[in-house]
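Take a look at the structure below.
The values are calculated or read from the model by the stated rules, or taken from the named source; none is laboratory data. Keep in mind that what you see is a predicted model, and the values were worked out from it rather than measured. Heads up, the Cβs are rebuilt from the backbone with ideal geometry, glycines too, and the neighbour counts pull from every protein chain shown. Just the protein is used for accessible areas: all its heavy atoms, side chains included, with ligands, DNA and RNA removed. Shrake-Rupley method; radii C 1.70, N 1.55, O 1.52, S 1.80 Å.
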Amino acid sequence: MAESSDASALSEWVTAVVRELGLEGALDTASSVDMVLDLTSDVAHGVSRPGAPVTAFLVGVAAGRAEDPAVAARDYAQKISALADGWRSDAERGTPANDQSRRA
């Protein structure tokens, strides 16, 4: 199956950015792209569209500070996706979404 023009453009863009930032070999770009797209989709649909790129940036900064950034990025993305998935339901119950004492 042929790659769509959007997928091809994204692949070329990610390759260029990875090269420009000196990240060759530092991460699996295919799984990283999927992780970021999933994360930003969860935030865009569960919280707000403008929150999606900001969240991706914040997860990237946090992961970059970790001992193993690739593992941390995956873990943080999972945590934040879960937070986004429950964001509206927390508001409907009247529980502040940022009440960390109520989260695992």
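Table for the structure above
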quantity	calculated
Of all residues making up segment 3-22, the number that are in a helix (DSSP H, G or I) and open to solvent by less than 60 Å² (accessible area, probe 1.4 Å)	8
Some residue of segment 24-46 being in contact (Cβ under 8 Å) with a residue 24 or more places away in the chain, more than 15 Å from the chain's Cα centre (by Cα) and open to solvent by 40 Å² or more (accessible area, probe 1.4 Å)	yes
Residue list for segment 83-104, restricted to those being modelled with pLDDT under 95 and open to solvent by less than 80 Å² (accessible area, probe 1.4 Å)	Gly86, Ser89, Asp90, Ala91, Gly94, Thr95, Pro96, Ala97, Asp99, Arg103
Selection count where residues are under 20 Å from Thr15 (Cα atoms) and open to solvent by less than 80 Å² (accessible area, probe 1.4 Å), scope segment 64-80	4
Complete set of residues in segment 35-80 that are part of a helix (DSSP H, G or I) and of a type in the set (Ser, Thr, Tyr)	Thr40, Ser41, Thr55, Tyr76
